[in-house]
Amino acid sequence: MSHRLVVLISGSGTNLQAILDAIQDGQLNASVALVLSNKAGVAGLDRAHAAGIPTAVIEHKRFPDREQFDRAMIEAIDPYDPETVVLAGFMRILSDVFVHHYRGKLINIHPSLLPRYPGLHTHQRAIDAGDTQHGCSIHFVTEELDGGPVIAQAVVPIRSNDTAETLSKRVQLREHALYPLVLNWRAAGHVELHQDGVKLHGETLGIQGHQLEWQD
Ligand code: GRF
């Protein structure tokens, strides 16, 4: 049986596409049961349709508050009984209700080497700080925004002539490799959230998770 995923998106869905491609190529032993978007008409939904995957649109702006929106999402997701809920460019802050409900199953990709640069505009912030390295992180989601325990990071060197745009393109390439890799670990039962942090292959990881460096 392949590992059941539900993927949450808000936009272009290039990470979703990378996951779908890895499944299609036989590199990722998983299946996407549902793609849920909080925005109608986004490209990520077209990608799901093209792959024949059920979609749901639950627009946050139709709900009076965050918690009621999150409860509606839970109602839409739970019938699919996901083993991992994947945030892939999902641009809403989740309430504690949602985070508790999927604790240990909910993972996110963030475009920085956490704990550096939670929040937005991460590429520009890394350049402005004079950092020599940047990258992306996949982490379990907890109540703290972009603060949950990190599973893995891909490190990307910053070049002297990088702009936020050129850097973000190279980071995104790494995102597209890192998500299938981490999901494969999940599918094989190798990565779990424990009281004292993330365990990968039974070993507790440090705060930056498992670090991978790719050559550009
Ligand atoms: C990615 O850069 C991811 O790190 C961030 O949002 C972006 C999503 O891009 N959380 P896409 O929708 O997967 O193309």
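If Lys and Arg each add +1 and Asp and Glu each add -1, what is the summed charge of the other residues whose beta carbon sits under 14 Å from the beta carbon of Arg116? Before the final figure, lay out each step's value.
Working: positive: Arg125; negative: Asp128, Asp131, Asp146.
In short, -2.
Sequence neighbours fewer than 8 away in the same chain don't count; with that in mind, list the lysines whose C-alpha is under 18 Å from Lys61.
Reachable lysines: Lys39.
How large is ³J(HN,Hα), in whole Hz, for each residue of region 39-46 in order, when computed from phi with the Karplus curve 6.51 cos²θ - 1.76 cosθ + 1.60 and θ = phi - 60°, using x for Gly and Pro?
10, 7, x, 7, 4, x, 5, 4
Just for the chain, what percent of DSSP beta bridges are antiparallel, to the closest 5?
Values: 17 of 38 bridges.
Roughly 45 percent of the beta bridges in the chain run antiparallel, per DSSP.
Please order Val7, Val57, Val85 by the number of other Cβ within 10 Å, starting at the fewest.
Working: Val7 30, Val57 14, Val85 25.
By the 10 Å Cβ count, ascending: Val57, Val85, Val7.
Pull up all non-local amide H partners of Thr55: gap of 5 or more, or a different chain, and H-to-H distance under 5 Å with H placed in the peptide plane.
Residues meeting the amide H criterion: Val35.
Given a Förster radius of 35 Å and the C-beta distance between Gln24 and Gln211 as r, what FRET efficiency does 1/(1 + (r/R0)^6) yield to the nearest 0.05?
Details: r = 28 Å, r/R0 = 0.80.
Efficiency at R0 = 35 Å is approximately 0.80.
Given axes a ≥ b ≥ c from the Cα gyration tensor, I'd like to know whether region 115-168 is rounded (a/c under 1.5), prolate (a/b larger than b/c) or oblate. Don't skip to the answer; put the middle values down first.
On the way: a/c = 2.74, a/b = 1.93, b/c = 1.42.
It is prolate, given that a/c is not under 1.5 and a/b is the larger ratio.
Label the chain by shape, choosing from rounded, prolate and oblate, from the square roots a ≥ b ≥ c of the eigenvalues of the Cα gyration tensor; if a/c is under 1.5 it is rounded, and otherwise prolate applies when a/b is larger than b/c, oblate when it is not. Spell out each step's value before the answer.
Details: a/c = 1.39, a/b = 1.30, b/c = 1.07.
Here the chain falls in the rounded category.
Only bridges with both residues in region 121-216 count here: give the DSSP antiparallel percent, nearest 5.
Details: 13 of 17 bridges.
The antiparallel proportion sits near 75 percent.
Among Ser37, Ser160, Ser31, Ser137, what is the fewest-to-most ranking by other Cβ atoms within 10 Å? Write out the running numbers ahead of the final one.
Details: Ser37 24, Ser160 6, Ser31 13, Ser137 27.
In order of increasing Cβ crowding within 10 Å: Ser160, Ser31, Ser37, Ser137.
Explain nothing, just the number: relative contact order of the chain, from Cα pairs under 8 Å at least 6 residues apart, as a whole percent.
Details: 423 pairs, mean separation 41.4, N = 216.
Here the relative contact order equals 19 percent.
List, in order, the whole-Hz ³J(HN,Hα) value for each residue of region 72-85 obtained from phi through the Karplus relation with A = 6.51, B = -1.76, C = 1.60 and θ = phi - 60°; use x for Gly and Pro.
After applying 6.51 cos²θ - 1.76 cosθ + 1.60, I find 5, 5, 4, 4, 6, 7, 4, x, 8, 6, x, 8, 9, 9 Hz.
Using the Cβ atoms and a cut-off under 15 Å, what net charge is assigned to the surroundings of Tyr102, where Lys and Arg are +1 and Asp and Glu are -1?
Values: positive: Arg4, Arg71, Arg92, Arg103, Lys105, Arg186; negative: Glu67, Asp70, Glu75, Asp78, Asp81, Glu83, Asp96, Glu143, Glu192.
After counting each charged neighbour, the total is -3.
Give the residue from Ile93, His60, Ala129 lying farthest towards the positive end of the charge dipole for region 37-170; charges sit on Cβ (+1 for Lys and Arg, -1 for Asp and Glu) and the dipole is referred to the Cα centre.
Ala129
What ³J(HN,Hα) values, in whole Hz, does the Karplus curve 6.51 cos²θ - 1.76 cosθ + 1.60 give for region 29-37 when θ = phi - 60°, with x put for Gly and Pro?
For region 29-37, the Karplus-derived couplings read 8, 8, 9, 9, 7, 7, 10, 10, 10 Hz, x marking Gly and Pro.
Could you name the aspartates and glutamates in cross-link range of Lys169, using Cα to Cα under 15 Å and dropping any fewer than eight places away on the same chain?
Lys169 reaches Asp216.
Mind sorting Lys199, Lys61 by how few other Cβ atoms lie within 10 Å of their own Cβ, fewest first?
Working: Lys199 16, Lys61 7.
Placing the least packed residue first, the sequence is Lys61, Lys199.
Search the structure for amide H atoms under 5 Å from the amide H of Leu8, placed 1.01 Å from N in the peptide plane, and list their residues when 5 or more places away or on another chain.
It is Leu36, Val86, Leu87, Ala88, by chain and number.
A short reminder: the numbers here are calculations on the coordinates, not readings from a lab. All values derive from a computational prediction rather than experimental measurement. Glycine gets a Cβ as well: all are built from the backbone with ideal geometry, and neighbour counts include every protein chain shown.
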